[in-house]
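K.L.:
Structure incoming, see below.
Only the coordinates and a few stated rules stand behind these numbers; no lab work does. All values reported here derive from a predicted model rather than from experimental measurement. No Cβ is skipped: glycine too gets one built from the backbone with ideal geometry, and neighbour counts run over all protein chains shown.
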Amino acid sequence: ARTAAVIPAAGRGVRLGPGAPKALRTLGGIPMLVHAVRAVSASRAVSLVVVVAPPDDVAGVRALLDEYPAPERTEVLVVPGGATRQESVRHGLEALPDTVTTVLVHDAARPLVPVDTVDAVVEAVRDGGAAAVVPAVPLADTVKEVEPAADGTPEPVLGTPERARLRAVQTPQGFDRATLVRAHAEVTGEVTDDASMVERLGVRVVAVPGHEEAFKVTRPLDLVLAEAVLARRRV
Ligand code: C5P
């Protein structure tokens with residue numbers, strides 16, 4: 001029984017502003033993707049990492065990862081991504097050897113996830129209580145559902161879900177491999193995370209505590225925060 005991590009890193013990172021693909025932007029002088037590979041391979045459970053690269057830059061990503069090698073015990077594969085995150089993850093799943101029974105899916109855009117969070121997700125999947133496990137944190141903001149409108153137009157508010165029952169969901173999300181493969185084969189339509197595909201199968205998904213440092217680097221301000229977190233770790 002092996003645990004592998006699939007890291008979708010094929011996004012352009014449009015919301016981050018102009019520049020290199022998001023996963024190749026640097027934090028503390030090191031590409032985000034390298035931080036992400038290190039973060040998941042810091043878990044002793046993870047023996048294989050499959051990086052899903054921009055399709056036009058597989059060789060470049062391979063060369064980059066060879067420049068910053070993972071621990072000896074961790075094998076790193078690089079495969080080409082697809083047009084959507086979902087498609088990219090599917091390409092990663094297709095590259096897994098038969099021996100893998102537990103799969104983590106981790107955004108390259110969450111480079112600073114602590115190893116304790118990775119371990120907690122792996123343990124929760126291996127315990128067998130649920131086929132899918134997500135790390136989650138409570139929300140600071142109140143969330144409202146609106147009727148989305150064009151730029152700048154006031155949007156009608158439709159409702160306010162009780163904040164105490166809401167969680168912001170992070171990665172790595174952990175899965176029984178067969179369940180995740182089935183979800184990718186059967187569930188169609190746009191989704192923003194992998195666990196929601198498993199939910200649509202009617203399979204039980206559980207949340208475990210996430211970590212504030214597992215935030216997603218999406219907008220320019222997130223880069224400022226990520227640099228600050230790294231700097232704090234170095235003192
Ligand atoms: O766009 P979003 O922030 O949801 O992207 C999350 C992760 O999915 C990022 O690591 C990004 O590189 C990856 N992704 C991908 N293939 C795509 C789109 C996004 O691997 N086509």
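K.L.:
Extending each Cα 7 Å along its Cβ direction at E75 and V208, get the distance between those two points in nm, one decimal.
P.N.:
That separation, rounded to one decimal, is 2.4 nm.
K.L.:
Now for a separate question. Using 0.36 nm per residue of separation minus the Cα-Cα distance, give me the extension gain between V224 and A149 in nm, one decimal.
P.N.:
Gain in length upon complete extension: 24.0 nm.
K.L.:
Continuing with this model, one more query. Just to be sure I follow the definition: excluding the sites themselves, where is the longest run in the chain that has none of the GluC sites (Glu not before Pro) in a DSSP loop with at most 16 other Cβ atoms within 10 Å?
P.N.:
Result, exposed sites excluded: 73-161.
K.L.:
What percent does the relative contact order of the range 2-234 come to when contacts are Cα pairs within less than 8 Å and at least six residues apart?
P.N.:
Result for the range 2-234 is 24 percent.
K.L.:
Could you give the length gained by full extension between D141 and D116, i.e. 0.36 nm per residue of separation minus their alpha carbon distance, to one decimal place?
P.N.:
6.4 nm
K.L.:
Report the full-extension gain for the segment E190 to A83: residue separation times 0.36 nm, less the Cα-Cα distance, to one decimal in nm.
P.N.:
Stretched out fully, the E190 to A83 stretch lengthens by 37.3 nm.
K.L.:
In the range 75-219, if the dipole is taken from +1 on Lys/Arg beta carbons and -1 on Asp/Glu beta carbons about the Cα centre, which of T188, P97, V203 is farthest to the positive end?
P.N.:
Highest projection toward the positive end goes to V203.
K.L.:
Connecting C-alpha atoms closer than 10 Å in a GNM of the chain, tell me which of R62, R177, R85 has the biggest fluctuation.
P.N.:
Checking each option, the largest mean-square fluctuation is seen for R62.
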